[in-house]
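Data block below; observations after.
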């Protein structure tokens, strides 16, 4: 009986086998899966002792096995240094293939246990650190346990080019106008409010925004809604603190160092932040869930995209 999704694992196996065949042809040594497991353990462990624990063997066995494999290949796999065993480019490439094989085997195991189709593979997702902390992590906690064979690679960035360069498969971005070459879904509007901590408000006049210490994003976000509003309504104010992320801006506000215009989704309960007025009219944005058109053919990407669309909740 064929296990549903077997063609994906077959593709992994064929790619790994082709890679091994290239090495075999170049070195006249028949590399096998146990060799790959040895290399992967030493790359992950970085030392003979840690690799031995991962493989459940003794240190001398790992040492002899690596020496024997390097001799058979006629190529160095690791360089000994004070910090441990450093993989050569060949060892790193072989370890990556071994890791893919490991993931394919895990997907097959889960598929057998669940008795049906299983979503497997690696999806690369990018978002800003504030979206990660306040919105993405709670969503992932709700649905990711249902996909034990799905692997996520998360990166924090504000750069749309990540998707354009194919560095990521899915992006969560705060914008009014997402790039036309991407496809996606508007998950809702995001408003901004000027906020401070209760501690800071006790030490200043709450009715004079211009006299307060301002905290703002630095030049990494020159067109950020909070920056545009401040320049329009408080042109004489020079921020006392500049940060390279909105999450850092929020933490400085929470620490009582000043005020800032913050997105509503960062103003949860018990966060120690006090809004000083209504949302900033005309300076709202939207949270977009985006992907590349070619990714819509990938089951793993489509599954994660749909789950994020259902589970991301704007406050």
Look through the stretch 199-247, keep the residues that are touching a residue at least 60 places away in the same chain (Cβ under 8 Å) and part of a loop (DSSP other than H, G, I, E, B), and return whichever of them is surrounded by the fewest Cβ atoms within 10 Å (Cβ to Cβ).
220
Take the stretch 248-275 and flag every residue that is more than 20 Å from residue 136 (Cβ to Cβ), surrounded by fewer than 16 Cβ atoms within 10 Å (Cβ to Cβ) and touching a strand residue (DSSP E or B) at 6+ places or on another chain (Cβ under 9 Å).
275
Please work out if residue 92 is within 25 Å of the chain's Cα centre (by Cα), buried (at least 16 other Cβ atoms within 10 Å of the Cβ), modelled with pLDDT under 95 and in a helix (DSSP H, G or I).
no
Candidate set: the stretch 283-315, residues that are exposed (fewer than 15 other Cβ atoms within 10 Å of the Cβ) and part of a loop (DSSP other than H, G, I, E, B); chosen: the one farthest from the chain's Cα centre (by Cα)
315
Picked from the stretch 29-43 (must be free of Cβ contacts under 8 Å to residues at least 24 places away in the same chain and part of a helix (DSSP H, G or I)), the residue farthest from the chain's Cα centre (by Cα) is 34
So residue 86, is it more than 18 Å from residue 34 (Cβ to Cβ), modelled with pLDDT of 90 or more and not in a helix (DSSP H, G or I)
yes
Suppose we filter 107, 51 for residues that are crowded, with 20+ Cβ neighbours inside 10 Å, touching a helix residue (DSSP H, G or I) at 6+ places or on another chain (Cβ under 9 Å), assigned to a helix (DSSP H, G or I) and at pLDDT below 90; which single one remains?
107
Evaluate the stretch 155-162: report whether one residue or more is assigned to a loop (DSSP other than H, G, I, E, B) and surrounded by 20 or more Cβ atoms within 10 Å (Cβ to Cβ).
yes
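The values are calculated or read from the model by the stated rules, or taken from the named source; none is laboratory data. As the structure is a prediction and not an experimental result, all values here were calculated from the model. Cβ: placed from backbone, ideal geometry, glycine included. Neighbour counts: every protein chain shown.
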